[in-house]
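Just below is one structure, and these are the notes that go with it.
What follows draws every value from the coordinates through simple rules; no lab data is involved. Keep in mind the model is a prediction, meaning the values are calculated, not measured. Note that each Cβ is placed from the backbone with ideal geometry, even for glycine, and that neighbours are counted across all protein chains shown.
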Amino acid sequence: MNINLPKYNQTVYAELLQAMVWNNKCALCAATGTGKSYIAAKFVQEAVIEQDTLILVPFRASAKIWNTLLPQATTMTYQGLLYNRPELAKYKLIICDEMHHLGADEWGKVFNELMENYHGKLLGLTATPIRFLDGNRNIAKEFFDGNDIQGVQLSEAIQKKILPTFEYVTALYDLPESKGNNELTEKLYSRLDFLRNEYSFQNILRKHLAGRHPVKAIVFVDSIQEIPKVMDSCREIFPDAVHLDAHSKYSGKENAETYEQFENINGDCFLYVVDILNEGIHLSGANTEIMFRRTRSPIVYLQQLGRILSVSNAENDVIIFDFVANHMNMREYTKMQNDTVSRLSFDIGDPRRQIVQYDYALEELELLEKLHQLENNLWTTEEDDLMKKYYEKGKGIDHLLTILPNRTRISIIHRAKILGLAGIRRKYSEEFKDDIKKYYCQKNGIDLILQKYPGYTRAGITNIANRMGLTFRDSQPWTAEEDELLKQNASLSISELLKIFPDRTKAGITGRKHNLGITNRSMHTWTEEEISILKANADLTSKEIRSRFFPDLTISNINSARRKYDCRKDRSWKPEKIERFCALYSKGGWNAVKKDPEFSDMSKKAINGAAHRYNVRSAASHPTTWTEEEKDICREWLAIPEKERPPRRELAKRIPAHSENGIKDMCRRLKTD
């Protein structure tokens, strides 16, 4: 079978060839339906290694496709690795179709064990290298050393008309029944009943499929047991259509015959499947996809989309129905949409190829969330009776929290106000009040009170003390002697001041310094002798000056004085130094300056600051203008056969004025000229 790739995959194939020359492992990541299998098959054919190739697939149905493309290659399911343990050393190439399955614990473990003694080439294929529900594991990075080739992505394929654009309809398929006639929820449930009828999946299908002929629909459900129910509902809408099902209880031969029957029917036809169509199989003629899904995995979602978004369907009028379960809340639903169709629609830049969306689920979920909040917040008659019994005369809020586990302290207090209940304050003994007066104003006084009266909390003690007119500030006023001592030692750190004032807290000392207008910087008066020390040691840093001469002062004190008395190191450069700096920077940027011994002690930030000060720019900022000499070097590199070319980084060494990305872009342009 001679494989001819379309133009949009020829560039991808060229990149794959180059990558496989320099690496033993490579992952090809491209949208479903864009021809990853054909790219891999062409690579095998041109390398003449078909008989020495092993292809790992997730399902047997996928193996049949590969048997058509590469009949002499060996195919095996990932499940087969667990039992057969093949000798991999005899294969020159292993292709991992839908490679994200390697993230499964058992398959991945066995695969890694088998790969320990394998020294051939490894090629992975997938549309979804990230396992979103498994800690966002990157399979390309984990199993293929991060060597990945990006093929045509889904948004790009739709924009370039490689894959069809589509209408996208979202709704809920299992809205709950009404629960009673509570006055607060009656109107909302009445609205919900209306939506259940108006937005039922049968009515939505009737509305959006009216006038379409033929309707060739693939219907995804979560389990085999759900197929008869969904099939009966669809038969009510399309009684004349042919209704088929394919799943794991049928043999592979029976399912293959069903697929063929679906493709050959010219009229309306519905095919009901569970997951066997999730990966690798495309049915020609399908123009409708209906998903009844509880899953929120973007991998499964994108794989299911791929069953209908294929190259063979590029000209078809496609519509997709996404019926989701009502167990999602608004946040989960919004995230699901943002991770899937909303992101896809945003990435498609051409307004003429935009996805047309109909979102019925949003209104339904908003209504369900309001009902859920109301039903959770409604107080029952039994709860009100308990409130009346215990809140006012009983054990109070703490006891109510134990018998009303779904209520919070704030909700109980709020409900008490609505019911007109008022809790009676506990009566305190005179001994307790005396202890509050005695200990509360002392340091760690609350801890002393709690040791004697363990039934209270810190907040409770504070509230009682406040009602008695006690506060920390009033209890320990600062004396004149303490203020004078604080002024004398204002330059010390807080930790040092705490040693001088053991009865004061950090917040108390800081607050008192603020009230007295004391700052570390303003309290030290510099003498002539100290200023002369600063000037004599201008070459030292402020930190070194503090450690040698002024250990009682802060770095801020010293920096302020050095600025005030001009005791800093002379930063002005001689003209010769400036000229040398500018020459180095303009030639090679900060890195070239750093290598020069005269500037080696400067940081990158200091070098760039000096460049800004002297208004010099680096030629290493990769100019956009190419000389003919530079282009000729690129042409020489392109003239070398692809399998013999040195890596592009070697080319970058010959053209240092341009980045690797810039060189890659120029080579691509020269190649197409």
How far, in nm, would the chain grow between GLU529 and LYS417 when pulled straight, counting 0.36 nm per residue and subtracting the alpha carbon separation? 33.1 nm
For the residues LEU123, LEU540, LEU70, what sequence is obtained by ranking on other C-beta atoms within 10 Å, fewest first? LEU540, LEU70, LEU123
Efficiency of FRET from Cβ geometry, ASN2 and ASP632, R₀ 51 Å, rounded to 0.05: 0.90
How far, in nm, would the chain grow between GLU431 and LYS506 when pulled straight, counting 0.36 nm per residue and subtracting the alpha carbon separation? 23.8 nm
Mean projected area (nm²) of the alpha-carbon convex hull when segment 7-152 is viewed from all directions: 8.1
Efficiency by 1/(1 + (r/R0)^6): what FRET value for ILE410 and SER200, r their Cβ-Cβ distance, R0 = 35 Å, to the nearest 0.05? 0.30
Roughly speaking, what % of Cα-Cα pairs in segment 379-419 are separated by over 17 Å, rounded to a whole number? 11
Could you compute the FRET efficiency for THR462 and SER603, with r as their C-beta to C-beta distance and R0 at 51 Å, rounded to 0.05? 0.50
Selection of GluC sites (Glu not before Pro), segment 1-101, meeting DSSP coil and at most 15 other Cβ within 10 Å: GLU87
Enter the per residue convex hull volume of segment 216-268, computed from alpha-carbon coordinates, in Å³ rounded to the nearest integer. 73
I need two numbers for segment 480-564: Rg to one decimal and Dmax as a whole number, Cα atoms only, in Å. 14.3, 43
Residues in segment 200-222 near a label at ASN266, defined as backbone nitrogen under 20 Å from the 7 Å Cα→Cβ point? 211-217
